[in-house]
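**Q** Got a structure for you, written out below as structure tokens; questions coming shortly.
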Amino acid sequence: MQTVGKPAGSPDPKRHLWVLGLIAPASALLPSQLVLHTGAPVLWWIGPIIVLIAIPVLDWVVGEDGSNPRDEDYELLSNDRYYRWCTYLFLPVQLIGLIIASAMWAGDELGIVDKLGLAATLGFVSGIGINAAHELGHRVEHLERWLAKIALAQSGYGHFFVEHNRGHHVRVATPDDPASARLGESLWEFLPRSVIGGFRSAIPLERARLARKGSGWWSVHNHILQAWSMSLVLFGTLLAVFGWRALPWLLLQAVIGIALLETVNYVEHYGLLRGRKANGHWERCSPKDSWNSDRLVTNIFLFHLQRHSDHHANPGRRYQTLRSSMQAPQLPAGYASMIVLAAVPPLWRAVMDQRVLAHYDGDITLANIQPRKRRRILAAYRATA
């Protein structure tokens, strides 16, 4: 059962837990010391261990969050700079971890498997760093928008800054959105469609914005070029300091980070489709157009990303003020658990397709269906177009 606020004390009962979100970037600082003191080389893989094993277990043990901020506390929470520092501090910890890892990749102390584990750990940090950039990128303050681009530098996914805000938020839960997964579409089909589609979307969106301001593509005001330049400077500096031997691992961790982000995208809107108005336009995005989960541990770890419906309805809300909606379709587990299921398509479909069907009261034609599988899916559920 959900409660609203807290009868006494802080208006946010989770206030002192948000610093635990820094465990994610800190995991990039830990492997060498953990391996040194335990003698267990598996701890080079501490990032995947935390995200894919520890957090799903803790979600199951700790359970639901169950608290929503009160309306009267909204301004107080929004203006409390403590919450901003919880995201600001993500960046220096993230970058220090990348510097340490680059030194190790360039050296001869680690074997290939250990370097792979370290790359996976940095990749998971990079992917979660994109989530921190996602939080900062929605803000109107210039500082936070620049910090968002810095957070994206490690993954080289700077165009996400444009595509997410001006592409995904406009087209979410429609067939036109590359970041909205379709019923019957596996994660492995979705990943290339979302990555390529997001890139193709971001370029004309930014070109159009610049044109409205009377600027061409090669402008210092180009958000995409700004973000990509930060990646070039970051990678170029690391290679100048540590040598070209670090390059394959830098690229690998970026790919892993992008894949993690896009897997979360896959989970967030799978099979969901906005309704049509009488004039043929899409209805406004509503709570029913995003999959939500209110598991406490993942809520803290991902800065309330799981309260995704409220985020789409109110993208200007800071993470600490997002609310859980009972109108939104609910996942059977937290996002951390669901990305594990998504990697196994038969298991994912066994868990999720019936939930999509139930969400639309048995009318599967209301779902966002993979076009090439539409006839087969309709036939399987004895539906007619």
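**Q** Using the Cα centre of the stretch 247-333 as the reference point, and only Cβ charges (+1 on K/R, -1 on D/E), how large is the resulting charge dipole? Debye, rounded to the nearest 20.
**A** Dipole size: approximately 340 debye.
**Q** Still on this structure: In the chain, which whole DSSP H runs stretch at least 27 Å along their own axis (Cα) and average -0.5 or higher on the Kyte-Doolittle scale?
**A** Values: long enough: 112-137 (36 Å, 1.00); 187-212 (37 Å, 0.13); 223-242 (29 Å, 1.64); 247-269 (34 Å, 1.13).
The answer, listed by residue number, is 112-137, 187-212, 223-242, 247-269.
**Q** Further, regarding this structure: Of 14/149; 115/373; 149/213, which pairs sit farther than 31 Å apart, going by alpha carbon to alpha carbon? It would help to have the intermediate numbers written out before the result.
**A** Numbers: 14/149 28 Å; 115/373 40 Å; 149/213 21 Å.
Listed pairs above 31 Å: 115/373.
**Q** Nearest 0.05, what FRET efficiency do residue 203 and residue 88 give at R0 = 30 Å with Cβ-Cβ as r?
**A** Given R0 = 30 Å and the Cβ-Cβ separation, E is 0.55.
**Q** Right, next: So what is the relative contact order for the stretch 168-242, in percent, with contacts set as C-alpha pairs under 8 Å and at least six apart?
**A** 16
**Q** Moving on to the next point. Quick one: length gained pulling residue 33 to residue 375 fully straight, 0.36 nm per residue minus the C-alpha distance?
**A** Once the chain is fully extended between residue 33 and residue 375, it gains 117.7 nm.
**Q** Here's something else I'd like to know. Keeping all protein chains in place, calculate the accessible area per residue for the chain (probe 1.4 angstrom), answer in Å².
**A** Per-residue accessible area for the chain comes out at 44 Å².
**Q** Once the convex hull of the C-alpha atoms of the stretch 17-96 is built, how many Å³ does it hold per residue, rounded to a whole number?
**A** Normalising the Cα hull of the stretch 17-96 by residue number yields 106 Å³.
**Q** If contacts are Cα pairs under 8 angstrom and at least 6 residues apart, what is the relative contact order of the chain in percent?
**A** Values: 599 pairs, mean separation 83.2, N = 385.
Computed over the chain, the figure is 22 percent.
**Q** Another question, then. Give me the distance in nm between label points sitting 7 Å out from Cα along the Cα-to-Cβ direction at residue 240 and residue 52, one decimal.
**A** Roughly 3.6 nm, to one decimal.
**Q** Here's a follow-up. For the chain, what % of the accessible area comes from carbon and sulfur atoms, probe 1.4 Å?
**A** 66
**Q** For the stretch 262-376, how big is the tail of P(r) above 17 Å, as a whole percent of Cα pairs?
**A** In whole percent, the share of Cα-Cα pairs in the stretch 262-376 beyond 17 Å is 57.
**Q** Show the residues, 5+ positions off or on another chain, whose built amide H is closer than 5 Å to the amide H of residue 70.
**A** For residue 70, whose amide H was placed from the backbone, the distant partners under 5 Å are 5.
**Q** Could you give the dipole magnitude of the stretch 1-132 about its Cα centre, charging the beta-carbon of Lys and Arg +1 and that of Asp and Glu -1, in debye to the nearest 20?
**A** 180
**Q** Under a point-charge model restricted to the Cβ atoms of Lys and Arg (+1) and Asp and Glu (-1), what is the dipole moment magnitude of the stretch 111-192 relative to its Cα centre, in debye to the nearest 20?
**A** My answer is approximately 160 debye.
**Q** Another one. So how many Å³ per residue does the convex hull of the Cα atoms of the stretch 338-382 work out to?
**A** 80
**Q** Same structure, new question: Taking +1 at the Cβ of each Lys and Arg and -1 at the Cβ of each Asp and Glu, which of 21, 42, 58 sits farthest along the dipole of the stretch 14-113 towards its positive end, judged by Cα position relative to the Cα centre?
**A** Farthest towards the positive end: 42.
**Q** OK, next. Among 269, 368, 253, pick out the residue whose Cα is farthest towards the positive end of the charge dipole of the stretch 245-385, where Lys and Arg carry +1 and Asp and Glu carry -1 on C-beta, about the Cα centre.
**A** 368
**Q** Rounded, prolate or oblate: which fits the stretch 96-233, taking a ≥ b ≥ c as square roots of the Cα gyration tensor eigenvalues, rounded meaning a/c under 1.5, else prolate when a/b beats b/c? Each step should come with its number before you reach the end.
**A** Values: a/c = 2.29, a/b = 1.37, b/c = 1.68.
It is oblate, given that a/c is not under 1.5 and a/b is not larger than b/c.
**Q** Can you compute the modelled spin-label distance between residue 340 and residue 61, with each label point 7 Å from Cα toward Cβ, in nm?
**A** 1.3
**Q** If you average 1/r over all unlike Cα pairs in the stretch 87-142 and invert the result, what Kirkwood radius do you get in angstrom?
**A** About 12.5 Å for the stretch 87-142.
**Q** Okay, moving on. If I stretch the segment between residue 286 and residue 211 completely, what's the gain in nm (0.36 nm per residue apart, minus their alpha carbon distance), one decimal?
**A** Between residue 286 and residue 211, full extension yields 23.9 nm more.
The values are calculated or read from the model by the stated rules, or taken from the named source; none is laboratory data. A quick note: this is a predicted structure, and the numbers were derived from the prediction, not measured. Cβ coordinates were reconstructed from backbone atoms using ideal geometry, including for glycine residues, and neighbour counts include every protein chain displayed. Accessible surface areas use protein heavy atoms only, side chains included; no ligands, DNA or RNA. Shrake-Rupley method; radii C 1.70, N 1.55, O 1.52, S 1.80 Å.
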